[in-house]
Amino acid sequence: MGRRATAVLISGSGTNLQALLDAARAPDYPAAVRLVISNRPDAFGLERARRAGVPAVVVDHRAFETRADFEAAIEDELRLAGIELVCLAGFMRILSAEFCARWHNRALNIHPSLLPAYRGLHTHERALADGAAITGCTVHFVRPELDAGPILMQGVVPVLPGDDAEVLRRRVLEVEHLVYPRALALLAGGRVRVEGERVQLIDEQPGERLVLHPAFSAPPFTRSHRG
Ligand code: GRF
């Protein structure tokens, strides 16, 4: 099977896009990033795509009267590029039920929390306000409900004393960059089945859908209970 043609949809900095571009440089990676679409002309991710030699287009939502017209323009780009899989990576527009249906089980999103906790925005502020001891990120299939859909992979991140939202955001991003390429590799490699809105991997190994932030293997996480 050839590499699966993948589009990454962004709105901003595109560090997750970068992680996918970097992973896809490996010759045995089962997906190839063939197109980047941004709804914002100033998204730095467009520059990342250009540097990687990947076609990058702007589909500016402000240029369209309706969401249907905006999505039709995105669909045209996806079709022209022969796209099979879609990764949302910091794409800040809500997609219609029709779009989600067309890309059913072929579109992934990454969200900076351990879903189903903290759907929506300001996930790190909310985790800190709750005094959570762990947080993380989730790669899930796209459904019409915001930040919902079968969970493919999660990354777990400790909340450390003195963290503010910015520090926590950066720590979560580190694990996002590990999780998204692995999750896409599972999907593109044909390992993923969705049954009853739950993900099952073919020949799933224990822990295959879980990534621990590297902090978990460094002190103080390796100390015994006596300290
Ligand atoms: C990430 O935190 C992602 O989980 C969320 O938006 C952010 C995008 O960051 N959906 P980047 O543009 O990939 O750096």
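The values are calculated or read from the model by the stated rules, or taken from the named source; none is laboratory data. Keep in mind the model is a prediction, meaning the values are calculated, not measured. When we count neighbours, we look across all protein chains shown, and the Cβ atoms used for this are built from the backbone with ideal geometry, even at glycine.
For Leu20, indicate whether it is within 21 Å of His140 (Cβ to Cβ), within 16 Å of the ligand (Cβ to nearest atom) and assigned to a helix (DSSP H, G or I). For Leu20, the condition - within 21 Å of His140 (Cβ to Cβ), within 16 Å of the ligand (Cβ to nearest atom) and assigned to a helix (DSSP H, G or I) - is met. A search for C-beta distances below 8 Å between a residue of segment 78-100 that is closer than 26 Å to Gly2 by Cβ and assigned by TED's automatic domain parsing to the domain that holds Ala7 and any residue that is within 16 Å of the ligand (Cβ to nearest atom) and of a type in the set (Phe, Trp, Tyr), counting only pairs 6+ apart in sequence or on different chains, returns Cys87/Tyr180; Ala89/Tyr180. Only one of the numbered conditions (1) surrounded by 16 or more Cβ atoms within 10 Å (Cβ to Cβ); (2) assigned by TED's automatic domain parsing to the domain that holds Pro181; (3) outside any loop (DSSP other than H, G, I, E, B); (4) not polar (S, T, N, Q) is violated by Glu71, and that is (2).
For segment 38-48, does any single residue satisfy the condition of being closer than 21 Å to Leu121 by Cα, surrounded by fewer than 21 Cβ atoms within 10 Å (Cβ to Cβ), of a type in the set (A, V, I, L, M, F, W, C) and modelled with pLDDT of 95 or more? Yes, segment 38-48 contains a residue that is closer than 21 Å to Leu121 by Cα, surrounded by fewer than 21 Cβ atoms within 10 Å (Cβ to Cβ), of a type in the set (A, V, I, L, M, F, W, C) and modelled with pLDDT of 95 or more. I want to confirm something. Restricting to segment 102-125 and keeping residues that are within 14 Å of the ligand (Cβ to nearest atom) and among the charged types (D, E, K, R), which single residue is nearest to the chain's Cα centre (by Cα)? So the residue we want is Arg119.
The residue that is farthest from the ligand (Cβ to nearest atom), among those in segment 126-155 that are under 14 Å from Gly90 (Cα atoms) and of a type in the set (Val, Ile, Thr), is Val142. So in segment 75-99, with the set limited to residues that are of a type in the set (A, V, I, L, M, F, W, C) and over 23 Å from Pro181 (Cβ atoms), which one is nearest to the chain's Cα centre (by Cα)? Ranking the qualifying residues of segment 75-99, first place goes to Ile94.
Taking the criterion of being away from the ligand (no atom under 14 Å from the Cβ) and in a strand (DSSP E or B), the residues of segment 156-177 that qualify are Val156, Pro158.
When restricted to residues that are touching a strand residue (DSSP E or B) at 6+ places or on another chain (Cβ under 6 Å), within 13 Å of the ligand (Cβ to nearest atom) and assigned to a loop (DSSP other than H, G, I, E, B), segment 23-59 contains 1.
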